[in-house]
1. Starting from residues that are in contact (Cβ under 8 Å) with a residue 60 or more places away in the chain and within 12 Å of chain B (Cβ to nearest Cβ), keep the ones in segment A:307-352 and report whichever is least open to solvent (accessible area, probe 1.4 Å).
2. Kindly evaluate C:Ala63 against the criterion of being open to solvent by 20 Å² or more (accessible area, probe 1.4 Å), among the small types (Gly, Ala, Ser) and more than 14 Å from chain B (Cβ to nearest Cβ).
3. Can you say whether B:Gly11 is surrounded by 21 or more Cβ atoms within 10 Å (Cβ to Cβ), more than 14 Å from chain C (Cβ to nearest Cβ) and touching a Gly at 6+ places or on another chain (Cβ under 6 Å), as far as the supplied structure shows?
4. Which numbered condition trips up B:Leu162, out of (1) free of Cβ contacts under 8 Å to residues at least 24 places away in the same chain; (2) surrounded by fewer than 19 Cβ atoms within 10 Å (Cβ to Cβ)?
5. Go over the candidates B:Phe224, B:Phe243 one by one and state the one that is within 24 Å of B:Leu101 (Cβ to Cβ), at pLDDT 85 or above and in contact with a helix residue (DSSP H, G or I) (Cβ under 9 Å, 6 or more places away or on another chain).
6. Got a number for residues in segment C:166-189 being assigned to a loop (DSSP other than H, G, I, E, B), open to solvent by 10 Å² or more (accessible area, probe 1.4 Å) and closer than 17 Å to C:Ile265 by Cα?
7. Looking at (1) assigned to a helix (DSSP H, G or I); (2) within 13 Å of another protein chain (Cβ to nearest Cβ); (3) of a type in the set (Ser, Thr, Tyr); (4) crowded, with 24+ Cβ neighbours inside 10 Å, can you tell me which one A:Ser83 breaks?
8. Among the residues of segment B:209-227, how many are open to solvent by less than 10 Å² (accessible area, probe 1.4 Å) and over 12 Å from B:Met21 (Cα atoms)?
Amino acid sequence: MTVPEREAIALEAAAVRSETAVAEPLSLWLDRRRLLIGAAVIAGLVAPLVVANFTIFQLTMVMIYGLAILGLNLLTGFNGQFSLGHSAFYGIGAYTAAILMSRSADLAYYWTLPCAGAVCFIVGIALGLPALRLQGLYLALATFALAVALPQLLKSHLLEGMTGGVQGIVIDKPDPPPGLPINADQWLYYFTFAVLLIMFAAAAGLVRSHTGRAIMAIRDHPIAAAAMGINTARYKTLTFGVSALYTGIAGALGAIVVQFVAPDSFNFLLSINFLVGLIVGGIGSIPGSLFGGVFVLFVPNIAEKVSTGLSGAVYGVILLLLIFLMPSGAAGFVRRTAAWLARLKRAANTEPIGRSTR
Amino acid sequence: MEQLLQQVVAGLATGAIYATMALAVVMVYQAIDHLNFAQGELATFSTFLAWQMIEWGWSYWAAFAITVAISFVIGVAIDRILFRPVRNAPILSQLVAFIALFSILNSSDGEIWNFTIKSFPTPFGTKPLFGSGLISTHQAGMVVVTLVMLVLLYLFFRGSRLGLAMRAAAANPEAARLVGIRVGWMIALGWGLSTAIGAVAGMLIAPVVFLDPNMMLGVLLYGFAGAVLGGLSSPGGAVLGGFAVGIIENLAGTFIPFVGQELKLTVALIVIVAVLMVRPAGIFGRVAVSRV
Amino acid sequence: MKQITRRTVLATAPTAIALAALPVRAAKQYDPGVTDSEIKIGNTAPYSGPASNYSTIWKCEAAYFNMINAEGGINGRKINFISYDDAYSPPKTVEMTRKLVEQDQVFAIAGGAGTPTNTAIWKYMNQHEVPQLFVATGATKWDDPKGHPWTIGFQPNYQSEGRIYAAYILQNKPDGKVGVLYQNDDFGKDYLKGVKDGLGAKAASMIKVEATYETTDPTVDSQVVNIKAAGCDVFINTAINKFAAQAIRKAAEIEWQPLHILSGIGNSLAGTLKPAGLEASKGLVTDFFLKDPTDPQWKDDAGYKWWLGFMNEWYPEGDKNDALNVFGPTAAATIVQVLKACGDELTRANVMKQAANLHELSLPMLLPGITINTSPTDFAPIKQVQLARFDGERWQLFGSLISGQLPA
């Protein structure tokens, strides 16, 4: 991103933040937020007990996509590095899990997550280093190269023995731990839910820490940040690695839940999907990533219901409407509405400061 | 050695396809500072329009001229109607608008004109050029037209007032407004130009690859790669980049043993990324230096 | 066996008479998705995304089911055909298939598209014991009654076609140098494997170039130039329409005239040969199991006339040049046949039993002599193809029907 672009995002984020800061005391805002999060967690815990198996599957996929988008968010939203290559991290994570579970080690599914995360972290760092030299669309092309390379590599007969080539790998569904009165779908949901909570909390913690502030400073004013002593190279590379780790873990979960991996599922169109989900959810917003996951899973279905032949066109129209109505994504929209409501409340409550008697 | 020559020439021929697309990509990038994902689909749509006119019996050149004119208008209209409202949104939101446009066009093309491939006529004929088995007259014609377009654009931007105004609007919108340039319309003009160039590109490419709704997807990617390689701020660089991508890809596919065939595109992109490492703004691009 | 004495007859008489007075109810057995008035079947298909050009197959199938419904349905029950878009993406296929089975409660999944997509739901369908009927891909793996009793294939599989081409080459050009063009995914690799298996020990020495392409490649000109440069005089062109046409045209442009074998995937007269140039396509050899609707030799054929009437009345917006629109009604008719044969015993187990029990089923657009046959150990309904050569105007069928099945 160029300086004007970064400035635009930063100014926008600052403006919205300042609106809410002025509207209410900070402590009240935090409490309301905690209430909302608590309510969401409770809803999330209860959901699989009341809905059908198929919907549980869909909700699990929503969480997985949300986690993948959060990974992209860390890199693009919080650190300003544009990536079109996250489908590759998702795919690497998925294949790591698939290979470990079915071919070589017959590993239990829960161990594949840290392995996938570690592999992707390393790949992310390896990519982050050369990416330091690139900006904006040039970085986009480099990451795009990765997205294109992955399916070809997976299919090539160099790696065929390990990856199963074009036929892909079929994975067995994990069973719930013995003794629990839930079925396999519900168990996978709770497993994913737990992972989601941990990863989202970690991301929130990271963003609020001084590392997070450094990362965002690099996005907003890279030269000033460097002048202030922030090691931009180190933070940018690390962010690449962490971002890849998040999306890689999401990929591993995806493989386990779908029970199948094939090379052409992880092409650059998936990257575009993640990007769209990120923007619609709200750049730089952690809960927005989850909304992005909802969008990526459900909107194509909605578009198809409207018209099977023109589902792509309907999808495009929905996307345009969303961007017109919510240019800063869902999170921005929520923030703006909250600020506007608070302003209304204040205007209704306050008396005029003074009355002119003249 | 002969195979090398053959592959280079074949690479030039396919590279001409990428070069025309790269030119359109750079055109709109100069105007709005971002990549238009829907470029390829707009070109495909324009080519379908031309095909439809030819089906109705109109002459090739009439269809060609009218299509270019309509495409220009469509480009301006898309900018004024779709992108003006989101001009102040974060850049990434505008990106989503491009993706939406892509989706709408691609889907509509398939629905209106179905997926059977269609031949598209060429004014250059398809005999082998000079009797050699390397390149056809049409492909040679494509190269010539691309270069001609490039020269015309160069003259327009350097030599005419309107071109100067457009460059000013893109370089420094605030200052341009202050001297009375209507920046909004300059951007719309940039859009119109790029859509028109895209239409020409589509009509040149279709005879080679056959017309179908998914015709331009791969071409846009290669065109984008070529534009980045050459430098997004340099139309000449973009054209050269397009040719280079075609040649690199062919050579990679032929001469890298064992995996060349399967990983052609990957290798080409790796080469481009390697070049970008050395010249981060493309070979001919100018690195933007910003004041702190 | 109990002795039927006069006493037992008299004893049971009142009950028998009472029972006889009731309307005779046949033993109706229904699995989910079936009622007295409807049978719900479904599938997922690529209505959007890179493979969306195939979507016309299922639109055509839907039209066929509409026709059957208008004629009274299957044994009085209307077909309720639900088809969802999966954009050729396996995760979406899994999601939509689960929706069909668990939410919409369909009776069976019929004619789903694609190899990776069907592989993704393979285990699920067999675990849940839901029929995965007449999968619309030519992968060899679907013919596996023992391992996957709930899944059955449909068309001649790609490997068997590859073997047939190899056999033809060994017969007609035994010391040829072979170049193969194939798409870098499952069906392309299946063709290549079939060719290699068919050439057997001579494969390594005969095959000089194995050139691949991706669907995002603009042209395959470079691959064709390479194959010619390697000195090949046999060209196996297994590409889809667009790339097959490009290859045919490029070969003519560079004045290369190999023994040019075109696969069943890309051999439509209007879809491939016309754009490539009819003159350039002279001498091409391919295999068919369906009639090419653009071939004038079928003009007065009863089956073709039926098909034309069907398209005009039930699917007028469909492209009559598209061979996919011949595949659609053929697959649909097979599904209808199986459901009809179930009678009132509409259980999933019975569907598989009937599907494994098709004998000499002849359909309007199958080539004369080709019939559909299955058995409990044979899950490959269409095995036979016939070779054809293009004479500049139309495909001339020659030789006898060939079965691509390896001897069991």
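1. At the first step, the residues of segment A:307-352 found to be in contact (Cβ under 8 Å) with a residue 60 or more places away in the chain are A:328, A:332, A:335-336, A:338-339, A:342-343, A:346.
Those left that are additionally within 12 Å of chain B (Cβ to nearest Cβ): A:328, A:332.
Details: A:Ser328: 22, A:Gly332: 6 Å².
Out of the qualifying residues, it is A:Gly332.
2. Values: open to solvent by 20 Å² or more (accessible area, probe 1.4 Å): no; among the small types (Gly, Ala, Ser): yes; more than 14 Å from chain B (Cβ to nearest Cβ): yes.
Here the answer is no, as C:Ala63 does not meet what is asked.
3. Working: surrounded by 21 or more Cβ atoms within 10 Å (Cβ to Cβ): yes; more than 14 Å from chain C (Cβ to nearest Cβ): no; touching a Gly at 6+ places or on another chain (Cβ under 6 Å): yes.
It is false that B:Gly11 is surrounded by 21 or more Cβ atoms within 10 Å (Cβ to Cβ), more than 14 Å from chain C (Cβ to nearest Cβ) and touching a Gly at 6+ places or on another chain (Cβ under 6 Å).
4. Tallying (1) free of Cβ contacts under 8 Å to residues at least 24 places away in the same chain; (2) surrounded by fewer than 19 Cβ atoms within 10 Å (Cβ to Cβ), B:Leu162 fails exactly one: (1).
5. Values: B:Phe243 fails: within 24 Å of B:Leu101 (Cβ to Cβ).
B:Phe224 is the lone residue from the list that is within 24 Å of B:Leu101 (Cβ to Cβ), at pLDDT 85 or above and in contact with a helix residue (DSSP H, G or I) (Cβ under 9 Å, 6 or more places away or on another chain).
6. If we filter segment C:166-189 for residues that are assigned to a loop (DSSP other than H, G, I, E, B), which is where we start, we get C:173-177, C:184-185.
Of the ones still in play, those that are also open to solvent by 10 Å² or more (accessible area, probe 1.4 Å) are C:173-175, C:177, C:185.
Those still in the list that are closer than 17 Å to C:Ile265 by Cα too: C:185.
Count: 1.
7. (1)
8. 5
The values are calculated or read from the model by the stated rules, or taken from the named source; none is laboratory data. Quick caveat, the model's predicted, so the values are computed rather than measured. Glycine gets a Cβ as well: all are built from the backbone with ideal geometry, and neighbour counts include every protein chain shown. SASA here: full protein model, heavy atoms, side chains in, ligands and nucleic acids out. Shrake-Rupley method; radii C 1.70, N 1.55, O 1.52, S 1.80 Å.
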